[in-house]
Amino acid sequence: LAAIAIPSYADYVKKGRRADARSLLQSAAIAQEKVRLSSPTYASATTALVGACPGSGNCDSEQGHYRLSIGSSPTGSAYTLTATAISSSPQAADTGCTAITYAVSGSGITYGPSNACWGK
């Protein structure tokens, strides 16, 4: 019984911790929109995302499982945010969801790498 229950519980916990990444990405997306209100382009550095990053320096999620990065060359209509599992976090073993993305473009919002990472 333990051979089935322990891996199932570990998967359940990993899925629950993904909410830490989703929260970070959603806060960063709101901060990007605030930047865009007063700038011709979205922010290219996480330090410009006031209120999205709980601490100073690296932009880590509240529970410390993910680190935020902004894709290269955001424009006035597009950007990509990525929450990557920190190597010292148990989430680094969350196969398929170690890097969760939120991308905005002229055609809409894309959630990646899969719906499962977003709890859908």
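The values are calculated or read from the model by the stated rules, or taken from the named source; none is laboratory data. Every value quoted in this text rests on a predicted model; they were computed, and no experiment measured them. Cβ coordinates were reconstructed from backbone atoms using ideal geometry, including for glycine residues, and neighbour counts include every protein chain displayed. Just the protein is used for accessible areas: all its heavy atoms, side chains included, with ligands, DNA and RNA removed. Shrake-Rupley method; radii C 1.70, N 1.55, O 1.52, S 1.80 Å.
Here are the numbers for this structure:
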{"item": "So residue 22, is it in contact (Cβ under 8 Å) with a residue 40 or more places away in the chain and more than 18 Å from residue 118 (Cβ to Cβ)", "result": "no"}
{"item": "Test: residue in the range 28-46 that is without any contact (Cβ under 8 Å) to a residue 24 or more places away in the chain and in contact with a strand residue (DSSP E or B) (Cβ under 8 Å, 6 or more places away or on another chain)", "result": "no"}
{"item": "Matching residues in the range 80-115 - criterion: being touching a residue at least 24 places away in the same chain (Cβ under 8 Å), farther than 25 Å from residue 10 by Cα and of a type in the set (A, V, I, L, M, F, W, C)", "result": "81, 103, 104"}
{"item": "Residue in the range 53-65 that is in contact (Cβ under 8 Å) with a residue 12 or more places away in the chain, open to solvent by less than 30 Å² (accessible area, probe 1.4 Å), of a type outside the set (Lys, Arg) and within 22 Å of residue 106 (Cα to Cα) present", "result": "no"}
{"item": "Which numbered condition residue 82 fails, given (1) touching a Gly at 6+ places or on another chain (Cβ under 9 Å); (2) open to solvent by 30 Å² or more (accessible area, probe 1.4 Å); (3) polar (S, T, N, Q)", "result": "(2)"}
{"item": "Subset tally (residues that are on the phi > 0 side of the Ramachandran plot and not in a loop (DSSP other than H, G, I, E, B)) for the range 67-120", "result": "1"}
{"item": "Filter result (open to solvent by 20 Å² or more (accessible area, probe 1.4 Å) and over 25 Å from residue 48 (Cβ atoms)) within the range 99-117", "result": "113, 114, 115, 116"}
{"item": "Residue tally, condition in contact with a Cys (Cβ under 9 Å, 6 or more places away or on another chain), assigned to a helix (DSSP H, G or I) and of a type in the set (A, V, I, L, M, F, W, C), over the range 22-49", "result": "3"}
{"item": "Counted residues, the range 66-79 - those being within 14 Å of residue 45 (Cβ to Cβ) and either touching a Phe, Trp or Tyr at 6+ places or on another chain (Cβ under 7 Å) or open to solvent by 20 Å² or more (accessible area, probe 1.4 Å) (or both)", "result": "8"}
